[in-house]
Amino acid sequence: MEFFHTIVAILESTIRVSVPLIFAALAGLFTERAGVFDIGLEGKMLGAAFAAGAVAAVTGSVLMGLLAAILISVLLSLVHGYASITQRGSQIVSGVAINFIVAGSTVILGEAWFRQGGRTPALDADARFQTVTFPFADAVKDVPIFGPIYSNLLSGHFILTYVAFLLVPFSWWVLYRTRFGLRLRAVGENPGAVDTAGISVIWLRYRAVICCGILCGFAGAYLSLAMSAGFVKGMTAGKGYIALAALIFAKWRPFNIMMACLLFGFLDALAIRLQGNPLPFIGQVPVQLMQALPYILTVILLAGFIGKAVPPKAGGVPYVKER
Amino acid sequence: MSDIAIELRGIDKSFGLVHANKDINLTVRKGTIHGIIGENGAGKSTLMSILYGFYQADSGDILVGGNKVTIKDPNAAISSGIGMVHQHFMLVENFTVLENVMLGAEDSQILNTSISKARVELKRLEKEYALEVNPDALIEELPVGLQQRVEILKALYRKADILILDEPTGVLTPPEADHLFRILGQLKDQGKTIIFITHKLREIMAITDEVSVMRRGEMVATRKTKDTSVEELAELMVGRRVLLRVDKGEANPGAVKLAVENLTVRDSRGVTMVDNVSFNLRAGEIVGIAGVAGNGQSELLEAISGIRRAVSGTVLLNGKPIDVTGHADPGDLRNRGLAHVPEDRHHVGLVLKFDEAENGILGYHNDKRYLNGVFLDTKAIQVDAEEKIKKYDIRPPNPRLKTANFSGGNQQKIVLAREMERGPDVLIIGQPTRGVDVGAIEFIHKRIIEMRDQGKAVLLVSVELDEIRALSDRIIVMFAGRVVGERDPDATEGELGLLMAGVEGRKEAAE
């Protein structure tokens, strides 16, 4: 029974750390499927986390915090869009630039406004997301097996957590069952086909990039308004890159993304759990190895050992009308 | 008036200093196949792009069915009833036929209803025009001929009455091209108007009713096809008389210069592209390798010239082996008398940002005569470039000009001059006249024959069957990586066409 409770605890923290990955990887899904590669997920998430923390601290409203996060993230996306769609610049350079600018400016602005060493003030309960408790969660808590699963694993998460998991089938539906999705996938494969069909490639790609911004906004808000009570400098700590790895690992497919994010989240949760707890026979597992595992798995995938990851064909290439 | 489908009046278009279309007038009659012929860069594609709304004309009017229209984007063209089949198919390869056909013409936000409607409409079109294709097949799994059919269906689905086909036969085998012509004839019978763009005279004569000739951005003539001839059209295209046939004497083959035995090559995906190929190439003969693009010819050339590593097999150059399965060094092969004119001059043959003189010594830049100690002897390079410019009539005659600024034909001459002037024993040429105008083709063909007559061994790969037949002393046909037959140059086109399509070859291999 002790072991069972440990498992439930690890799975529960798996869900907790997977949420920002799912938001960010779905964000990447929309833009990359439209042919705009985005290495700036990290920066957008960080900018959104800061905006959420700052605005929630000032207004005391969690909703305003979330809206500010989405707004900032969308603006950063539009910068990326302008550089890589309109000006046909390098998508990698633009993404990296956004990551650097955000990493620096959040600290500078945070210090200038709040004078707490780049943090935003700690938030009251009202200015944060609250956890949702399912009906009867307390009542069934002590029922064996079902109890812990229902009241610890399924119940008791933030509303954004449920949103993230519902967004997975929703994203699939948008991409595969709507006209917008069909065109979005087409523009990532052969923008020429979209252009000659009389649809604007540029507008379509901008819309994809805006979708990405909105989802990154959720990811950032989750970090500073749900997981923590305020913004801390560099609080994304590479989650944007892990999300990117998950996106590739998932071969740019929504349900695979959820599984990849849960896997990477599980590794993270396990790493935290194993800290200072040597495993039988194996001994102490270095935390760094666990943290590197998502990247190692992705590299192994890209090397072609686990099936083949074929990126959208027109990905990374600005569209220029031929001749 | 009602029998006119499209009328262009005074269309003018410039890109910077390039005057692509000068005061073009064109009248296309309803229910006819109207050919537009001209050399590369004559402005055909620009004109059609204006008609399809990719570009806007600087001045001039477009009339569709007698009414003046403004075509500001492809959408406007589609709603005026104009459809286009592009030279490079505008299809999404991992989508199904149905998804491609309805892309951009879906009739609701949610796909399900659009899909079922599109399926019904596609069935109707298939029946009406006898254009069968499986609506649920993925594009990437279809042969090129069927992909083109999907492009045609796409246009018909959008209710196009006027179909523009831009160089539609470039990627097709001869039987596939014949099939396309039958489809076009049938579309014409059902009242559609077809504008057929090509640089191949034979196709114009075969299927068009009328033909308009473009030269250097101008519309120089329009003729009824039955009242004109190949010779007249060629002259109109080039602006002077051209010899369409290549005059060449009997070949005088000597010793074997290049011996290829059981060569097998795989591409980067691991697919076998050259499958156990063997042949000999003798001094004083031209061996042509015919085949539809993508049947292993490119990989064969790359393996022989040391650019791509072969899996197995041997190649002897002047009786001595080339390390084709190991580290064959293209520079070393050059010194041993093998010259290579690559298929893709932009990516392999030239550095477009270098000037003409620099490209003229590329690969031979370690040669003593271009060096002054460890430095390049710029004066010698300049003199060398000027000689070649003169001998090969490279225009403009400016060795300092960036290579990107030369026309396709002149770029090709730069590569040919570099490789031929070294007097190699073996000359390997891929697509010698791809994207080259008729005038330059004549010159290039003459030079290739001259090389042969000087006793050089020439291996020629081309997807232009006419070119292979005109130049070669022996023709080897490749299909799916294998040699499926060897023929004399007087073999009929039909016979070669069947071999290229893999029809005859299978029978022959089975026997």
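The values are calculated or read from the model by the stated rules, or taken from the named source; none is laboratory data. Since we're looking at a predicted model, the values are computed, not measured. For neighbour counting, all protein chains shown are included, and Cβ atoms are generated from backbone atoms with ideal geometry for every residue, glycine included.
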Residue ID - farthest from the other protein chains (Cβ to nearest Cβ), chosen from residues in region B:128-139 that are aliphatic (A, V, I, L, M) and closer than 24 Å to B:D189 by Cα: B:A130
Residue count, region B:406-430 (criterion: in a helix (DSSP H, G or I) and small (G, A, S)): 3
Entirely in region B:433-498, the strands (runs of 3 or more DSSP E) that have 2 or more residues that are among the charged types (D, E, K, R) and closer than 30 Å to B:V311 by Cα: B:482-487
Flag for B:T492 being of a type in the set (S, T, Y) and surrounded by fewer than 21 Cβ atoms within 10 Å (Cβ to Cβ): yes
Only one of B:V415, B:V436 that is over 12 Å from B:P342 (Cα atoms) and crowded, with 21+ Cβ neighbours inside 10 Å: B:V436
Subset of region A:120-151 (residues that are within 30 Å of A:L46 (Cβ to Cβ) and in contact (Cβ under 8 Å) with a residue 12 or more places away in the chain): A:T120, A:P121, A:A122, A:L123, A:D124, A:D126, A:A127, A:R128, A:F129, A:Q130, A:T131, A:V132
Candidate set: region B:43-66, residues that are in contact with a Leu (Cβ under 8 Å, 6 or more places away or on another chain) and not in a strand (DSSP E or B); chosen: the one nearest to B:V85 (Cα to Cα): B:L51
Residue satisfying condition, being part of a strand (DSSP E or B), surrounded by 15 or more Cβ atoms within 10 Å (Cβ to Cβ) and modelled with pLDDT under 95, within set B:M214, B:M205: B:M214
Helices (runs of 4 or more DSSP H) wholly inside region A:178-248 containing at least 2 residues that are surrounded by fewer than 21 Cβ atoms within 10 Å (Cβ to Cβ): A:179-189, A:201-221
Single residue of region B:65-78 satisfying the filter (of a type in the set (V, I, T) and surrounded by 20 or more Cβ atoms within 10 Å (Cβ to Cβ)) that is nearest to B:L51 (Cα to Cα): B:I71
Residues of region B:224-255 satisfying the condition of being without any contact (Cβ under 8 Å) to a residue 60 or more places away in the chain, among the hydrophobic types (A, V, I, L, M, F, W, C) and not in a loop (DSSP other than H, G, I, E, B): B:V230, B:L236
Residue satisfying all of: in region B:87-111; crowded, with 16+ Cβ neighbours inside 10 Å and not in a loop (DSSP other than H, G, I, E, B); farthest from the other protein chains (Cβ to nearest Cβ) among these: B:V97
Any chance A:G89 is under 29 Å from A:V194 (Cα atoms) and either crowded, with 24+ Cβ neighbours inside 10 Å or modelled with pLDDT under 95 (or both): yes
Residues of region B:29-52 satisfying the condition of being within 19 Å of B:E151 (Cα to Cα) and facing another protein chain (nearest Cβ under 8 Å): B:S45, B:S49, B:Y52
Residue tally, condition within 13 Å of chain A (Cβ to nearest Cβ) and of a type in the set (A, V, I, L, M, F, W, C), over region B:112-127: 2
Of all residues in region B:67-85 being within 14 Å of B:I162 (Cα to Cα), assigned to a strand (DSSP E or B) and hydrophobic (A, V, I, L, M, F, W, C), the one that is nearest to the other protein chains (Cβ to nearest Cβ): B:M84
Filter result for B:G41 (assigned by TED's automatic domain parsing to the domain that holds B:T193, buried (at least 23 other Cβ atoms within 10 Å of the Cβ), within 24 Å of B:V436 (Cβ to Cβ) and not basic (K, R)): no
Every residue from region A:169-213 that is at the interface with chain B (Cβ under 10 Å from one of its Cβ atoms) and among the charged types (D, E, K, R): A:R177, A:R179, A:R183, A:R185, A:E189, A:D195
Residue check for B:A177: assigned to a helix (DSSP H, G or I) and hydrophobic (A, V, I, L, M, F, W, C): yes
Verdict on A:Y162 being assigned to a helix (DSSP H, G or I), within 14 Å of chain B (Cβ to nearest Cβ) and exposed (fewer than 15 other Cβ atoms within 10 Å of the Cβ): no
